[in-house]
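Following: one structure in C-alpha cells, then a few remarks.
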Amino acid sequence: MKTIKLFFVAFMALTFVNSFAQMNDHDATSNTKTETFKVWGNCGTCKARIEKAAKIDGVSKADWDKNTQILTLSYNPDKVKSDDVQKKIAGVGHDTEKFKADDKVYNKLPMCCQYERKK
C-alpha cells in the first residue's frame, strides 16, 4: 500500500512540474515578435557578421538573406527593441533601414563586404 501511495505522490508531482514547465514555455513564446528589415551586405562573411551582431539578449533568431538583403528577426519586445538591434548591426559596419554605419567602421570591412552605399 505504501508503494502505491508513493507512486501516486510521485506521479502527481511530475504532472504538476510538467504542467508548470509547459505554461512557462507558452509564456516565453507569446512574447515573441517577428520583424523583417533591410540590412546591406554582400556575402557569407557579411551574413555571419550581421547575424552575430543581431543576436543580443532578447533576440531568439536572426536570419539574413544575402540575395534579398532582408534580416528576419524574432525577439522579445519586453527585453529588446528592433532599433537596438539595428544600431548594433550598424556598429559592425552594415547599414540598416534606420541606421547608417560609421564610415570608419564600414571602411574596415573586407573588400568583399563593402557594398554600394546610399549617399
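A few comments on the model shown:
- Semi-axes of the equivalent ellipsoid for the range 56-119, computed as √(5λ) from the eigenvalues of its C-alpha gyration tensor and ordered from largest down, come to 23, 13, 10 Å.
- Potential extension, THR36-LYS79 segment - 0.36 nm per residue separation minus Cα distance: 13.7 nm
Quick note: the coordinates plus some simple rules give every number you see, no bench work behind them. Fair warning: this is a prediction, and the values are worked out from it, not measured in the lab.
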